[in-house]
Amino acid sequence: MLTGLFIVSLVSGIALFFHWGQGLFHGMHEWLSMVLIAPFVLHVWKNWKPFLAYFRRTPMAVALAVSVIAAVPFAWPTSGDAPSGNPMVMVLRSVQSSPLEAVAPVFGHTRETLVAALEQNGYSVPLDALNLQQVAAANGKSDRDIAGVLAHLKD
């Protein structure tokens, strides 16, 4: 399992790096990489004594140090106050926090027809709801849930 899941993670990681089949590989890479943790932990547990022997040698210390040094630039914020993270998520959050009147035309609706479309998809839209985040919260749903509805509004 360790080898099989590593190969899946390797292939999907390469595909994601080169932006091939994002929709196909993103979920696969995330979920199966999480599943990869279990066989890795079992492998380390089964081979604990030989594993500890690696830490007594200089090459392991060098490899770990190089790995940490290589990871730091990716974890460091790009600039002072600039937001970091997935730009698509940042755009979606902006849409979801914008007034319903401003968001509706993006999906080919008026405020009233957007409200009707949301209600048709099982959302109750309170009169005082100013944006999609408030609509989602009022229905006990997440921003991600309402994004799924939005994705199909313009079909």
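The values are calculated or read from the model by the stated rules, or taken from the named source; none is laboratory data. Please read all numbers here as calculations on a predicted model, not as lab measurements. Ideal geometry is used to build each Cβ from the backbone, glycine not excepted, and the neighbour counts take in all protein chains shown. In case anyone asks, the SASA skips ligands and DNA or RNA and just uses the protein heavy atoms, side chains included. Shrake-Rupley method; radii C 1.70, N 1.55, O 1.52, S 1.80 Å.
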Which residue out of Leu52, Leu24 is at pLDDT below 95 and either of a type in the set (Phe, Trp, Tyr) or over 22 Å from Asn86 (Cβ atoms) (or both)? Leu52
Tell me whether the range 89-101 contains one or more residues that are in contact with a Lys or Arg (Cβ under 8 Å, 6 or more places away or on another chain) and open to solvent by 60 Å² or more (accessible area, probe 1.4 Å). yes
Only residues in the range 9-21 that are within 13 Å of Ser33 (Cα to Cα) count as the first member; pair them with residues that are of a type in the set (Ser, Thr, Tyr), Cβ under 7 angstrom, at least 6 apart or cross-chain, and list the lot. Ser9/Ser33
Checking Ile7, Ile14 in turn, the sole residue that is farther than 25 Å from Met88 by Cβ and within 23 Å of the chain's Cα centre (by Cα) turns out to be Ile7
Go through the residues of the range 66-85 one by one and say whether even a single one is open to solvent by less than 60 Å² (accessible area, probe 1.4 Å), farther than 21 Å from Ala147 by Cα and in contact with a Phe, Trp or Tyr (Cβ under 7 Å, 6 or more places away or on another chain). no
So, of the residues in the range 107-139 that are of a type in the set (S, T, N, Q) and assigned to a helix (DSSP H, G or I), which turns out to be most open to solvent (accessible area, probe 1.4 Å)? Gln120
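So for the range 17-24 (the condition being within 16 Å of the chain's Cα centre (by Cα), surrounded by 14 or more Cβ atoms within 10 Å (Cβ to Cβ) and in a helix (DSSP H, G or I)), does at least one residue qualify?
no
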Within the range 35-50, is even one residue in a loop (DSSP other than H, G, I, E, B), without any contact (Cβ under 8 Å) to a residue 12 or more places away in the chain and either of a type in the set (Phe, Trp, Tyr) or open to solvent by less than 80 Å² (accessible area, probe 1.4 Å) (or both)? yes
Residues (assigned to a helix (DSSP H, G or I) and either loosely packed, with under 10 Cβ neighbours inside 10 Å or within 32 Å of the chain's Cα centre (by Cα) (or both)) located in the range 53-65: Phe55, Thr58, Pro59, Met60, Ala61, Val62, Ala63, Leu64, Ala65
